[in-house]
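J.: Below is the structure I would like to discuss, written out as structure tokens.
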């Protein structure tokens with residue numbers, strides 16, 4: 001019986017592989033150097049499962065002393081239209097969300113692995129705020145936040161400006177039956 005993509009992604013080793021591949025193309029040896037607590041044979045096994053589930057791809061094959069070294073990357077999971085987005089299955093929506101969450105976790109891990117971090121100085125924060133808003137109030141809030149983000153996105157890089165990743169997630173509470 002095949003694992004759902006959600007369960008596949010949530011496995012700790014596969015999550016580490018996915019996080020390591022965010023924005024990168026890596027060989028098994030490079031993955032092993034980043035994920036030191038996982039034996040290389042285990043990496044190969046989990047890479048195979050991720051390939052089979054179509055979550056990663058081989059982007060290059062290098063001939064090295066009679067063997068083939070494969071270079072892996074995340075498979076782009078793109079949604080090209082609003083209609084396509086609305087027609088995704090529940091599992092596909094959850095898969096996209098988990099990929100998004102893995103990317104956030106990878107960004108945060110990269111930040112934490114730096115030598116000189118200061119959570120306050122660097123403006124690190126994450127929180128959940130439970131807001132009670134009418135539909136009109138919610139749309140107004142989203143438009144205001146969107147406008148502020150668009151304005152900030154127009155800033156050119158300068159020595160005084162640090163690049164910051166700003167992510168947002170809006171999840172309505174479950175309707176009680």
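The values are calculated or read from the model by the stated rules, or taken from the named source; none is laboratory data. Only a predicted model underlies this, so the values are computations on that prediction, with no experimental measurement involved. As a convention, Cβ positions derive from the backbone with ideal geometry for all residues, glycine included, and neighbour counts pool all protein chains shown.
J.: In the range 32-61, how many are farther than 15 Å from residue 11 by Cβ, in contact with a strand residue (DSSP E or B) (Cβ under 8 Å, 6 or more places away or on another chain) and either touching a residue at least 60 places away in the same chain (Cβ under 8 Å) or assigned to a helix (DSSP H, G or I) (or both)?
T.: 1
J.: Here is a follow-up. Given the criteria free of Cβ contacts under 8 Å to residues at least 60 places away in the same chain, at negative phi, surrounded by 12 or more Cβ atoms within 10 Å (Cβ to Cβ) and assigned to a helix (DSSP H, G or I), does residue 13 qualify?
T.: Values: free of Cβ contacts under 8 Å to residues at least 60 places away in the same chain: yes; at negative phi: yes; surrounded by 12 or more Cβ atoms within 10 Å (Cβ to Cβ): yes; assigned to a helix (DSSP H, G or I): yes.
So residue 13 fits the description; yes.
J.: If you don't mind, there's one more thing I want to ask. Going by the conditions given, is residue 38 within 24 Å of residue 7 (Cβ to Cβ) and over 19 Å from the mean Cα position of the chain (by Cα)?
T.: For residue 38, the condition - within 24 Å of residue 7 (Cβ to Cβ) and over 19 Å from the mean Cα position of the chain (by Cα) - is met.
J.: Considering 96, 139, which residue is in a helix (DSSP H, G or I), modelled with pLDDT of 90 or more and either farther than 23 Å from residue 56 by Cβ or within 22 Å of the chain's Cα centre (by Cα) (or both)?
T.: Just one listed residue meets the conditions, 139.
J.: So how many residues does the range 101-112 have that are under 16 Å from residue 21 (Cα atoms) and free of Cβ contacts under 8 Å to residues at least 40 places away in the same chain?
T.: Here the count works out to 4.
J.: Does residue 19 satisfy the condition of being part of a loop (DSSP other than H, G, I, E, B) and under 25 Å from residue 166 (Cα atoms)? Steps first, please.
T.: Details: part of a loop (DSSP other than H, G, I, E, B): no; under 25 Å from residue 166 (Cα atoms): yes.
So residue 19 does not fit the description; no.
J.: While we're looking at this one, here's another question. Look through 160, 150, 143 and report the one residue that is surrounded by 10 or more Cβ atoms within 10 Å (Cβ to Cβ) and either in contact (Cβ under 8 Å) with a residue 40 or more places away in the chain or farther than 25 Å from residue 19 by Cβ (or both).
T.: Values: 160 fails: surrounded by 10 or more Cβ atoms within 10 Å (Cβ to Cβ); 150 fails: surrounded by 10 or more Cβ atoms within 10 Å (Cβ to Cβ).
Being surrounded by 10 or more Cβ atoms within 10 Å (Cβ to Cβ) and either in contact (Cβ under 8 Å) with a residue 40 or more places away in the chain or farther than 25 Å from residue 19 by Cβ (or both) holds for just one of 160, 150, 143, which is 143.
J.: Can residue 79 be described as at pLDDT below 90, outside any helix (DSSP H, G or I) and either in contact with a strand residue (DSSP E or B) (Cβ under 8 Å, 6 or more places away or on another chain) or surrounded by 11 or more Cβ atoms within 10 Å (Cβ to Cβ) (or both)?
T.: For residue 79, the condition - at pLDDT below 90, outside any helix (DSSP H, G or I) and either in contact with a strand residue (DSSP E or B) (Cβ under 8 Å, 6 or more places away or on another chain) or surrounded by 11 or more Cβ atoms within 10 Å (Cβ to Cβ) (or both) - is met.
J.: Return a yes/no flag: does the range 113-133 have any residue that is exposed (fewer than 10 other Cβ atoms within 10 Å of the Cβ) and not in a loop (DSSP other than H, G, I, E, B).
T.: no
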